[in-house]
Amino acid sequence: MNDEILTLAEVAEYLKLSDKTILKMVKNQEIPCAKIANQWRFSKLALNDWLTSKMAVIPQNDLSRLIEKEYDSVPLSRLLDEDNIILPLISTTQEDVIREMAENAFASKLISDKEYFIKKLMEREELISTSIGSGIAIPHIREASAKVVKEAKIIIGVSEKGIDFSSFDGELTHLFFLLISDSEVVHLRILSKISQIFRKEGAIEILRSIQSKKGFIQYFIEVDRDFLIQEK
């Protein structure tokens, strides 16, 4: 199998950290995880991506110290532009969605090599789908690349009918958030903040009800404001 699901205790052993530290990271939404039947579960593949990214930017002996650190707020609304919200998507297949969103990024001069970027996105999907269930997917390449990416952005795609994106819950995917970044640290911060939003009660329902480009931008402006208030 390409992936393995771990318990909190298994993750603590895998990362050589205490259960308490892992739980603190979960509560601070600093580590990729999901709650299933009131138990925290972790994708080993996602953990390896996350761990490799951190090791690529810091000395290995500083890993434990850094992954416990609380990162600064990421203003997601500043990563959105109306030109990069595709509403609706015309694609009907997984590969076509990837291509349509990558073409939007290329047209906006956010990436320099469209075909390379598409190839990397598809390679990531072949490992395990980036659909997280509940009609949401977060396509991204495994490693942020300054080689092809010019600017950090989030591209949103909306499929009214839904697309089979190999979601673990078997449901069609309607909302796509393509992450683009030239920095592993920035990539992880964006991914973490988006994950926090999806965990908020009612957030997915609100996002799926938005029917305009301005509506998406306004929603993320309000989210940024709420996070800022919480941090004060």
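The values are calculated or read from the model by the stated rules, or taken from the named source; none is laboratory data. Being a predicted model, the structure only gives us computed values, none of them experimental. Here the Cβ positions follow ideal geometry from the backbone for every residue, glycine too, while neighbour counts run over all protein chains shown.
Go through (1) closer than 17 Å to residue 79 by Cα; (2) in a strand (DSSP E or B) and name the single condition residue 161 misses.
(1)
Among residues belonging to region 164-178 that are over 14 Å from the mean Cα position of the chain (by Cα) and outside any loop (DSSP other than H, G, I, E, B), point out the one that is nearest to residue 217 (Cα to Cα).
Out of the qualifying residues, it is 174.
Name the one entry in 183, 192, 212 that is out of contact with any Ser or Thr (no Cβ under 9 Å at 6 or more places or on another chain) and closer than 19 Å to residue 86 by Cβ.
On inspection, the qualifying residue turns out to be 212.
Please go through region 105-120 and give me each residue that is out of contact with any strand residue (DSSP E or B) (no Cβ under 6 Å at 6 or more places or on another chain) and either among the β-branched types (Val, Ile, Thr) or in contact (Cβ under 8 Å) with a residue 40 or more places away in the chain (or both), ordered by number.
Those that are out of contact with any strand residue (DSSP E or B) (no Cβ under 6 Å at 6 or more places or on another chain) and either among the β-branched types (Val, Ile, Thr) or in contact (Cβ under 8 Å) with a residue 40 or more places away in the chain (or both): 108, 109, 118.
Quick one: residue 161 ticks every box in (1) in contact with a His (Cβ under 9 Å, 6 or more places away or on another chain); (2) buried (at least 16 other Cβ atoms within 10 Å of the Cβ) bar one, so which box is it?
Checking residue 161 against (1) in contact with a His (Cβ under 9 Å, 6 or more places away or on another chain); (2) buried (at least 16 other Cβ atoms within 10 Å of the Cβ), the one that fails is (2).
Take region 180-232 and flag every residue that is in a helix (DSSP H, G or I), within 18 Å of the chain's Cα centre (by Cα) and basic (Lys, Arg).
Once the filter is applied, which keeps residues that are in a helix (DSSP H, G or I), within 18 Å of the chain's Cα centre (by Cα) and basic (Lys, Arg), region 180-232 yields 189, 193, 199, 208.
Cβ-Cβ under 8 Å, sequence separation 6+ or interchain: first residue in region 221-232 and closer than 13 Å to residue 193 by Cα and at pLDDT 70 or above, partner hydroxyl-bearing (Ser, Thr, Tyr) and not in a helix (DSSP H, G or I). Which pairs?
224/73; 227/73
So which residues in region 6-34 are assigned to a strand (DSSP E or B), aliphatic (A, V, I, L, M) and without any contact (Cβ under 8 Å) to a residue 60 or more places away in the chain?
Of everything in region 6-34, just one residue is assigned to a strand (DSSP E or B), aliphatic (A, V, I, L, M) and without any contact (Cβ under 8 Å) to a residue 60 or more places away in the chain, namely 6.
Is it the case, given these coordinates, that residue 21 is polar (S, T, N, Q), at pLDDT 50 or above and within 23 Å of residue 149 (Cα to Cα)?
no
Residue 192 is checked against (1) more than 17 Å from residue 29 (Cβ to Cβ); (2) small (Gly, Ala, Ser); (3) at pLDDT below 85 and fails just one. What number does that condition carry?
If we test residue 192 against (1) more than 17 Å from residue 29 (Cβ to Cβ); (2) small (Gly, Ala, Ser); (3) at pLDDT below 85, just (1) comes out false.
When you go through (1) surrounded by 16 or more Cβ atoms within 10 Å (Cβ to Cβ); (2) assigned to a strand (DSSP E or B); (3) of a type outside the set (Lys, Arg) one by one for residue 141, which number turns out not to apply?
Exception for residue 141: condition (2).
Can you run down the residue pairs with Cβ atoms below 6 Å, 6 or more apart or on separate chains, where the first is in region 35-49 and more than 18 Å from residue 19 (Cα to Cα) and the partner is surrounded by 15 or more Cβ atoms within 10 Å (Cβ to Cβ) and of a type in the set (Val, Ile, Thr)?
Between residues of region 35-49 that are more than 18 Å from residue 19 (Cα to Cα) and residues that are surrounded by 15 or more Cβ atoms within 10 Å (Cβ to Cβ) and of a type in the set (Val, Ile, Thr), the close pairs are 45/128.
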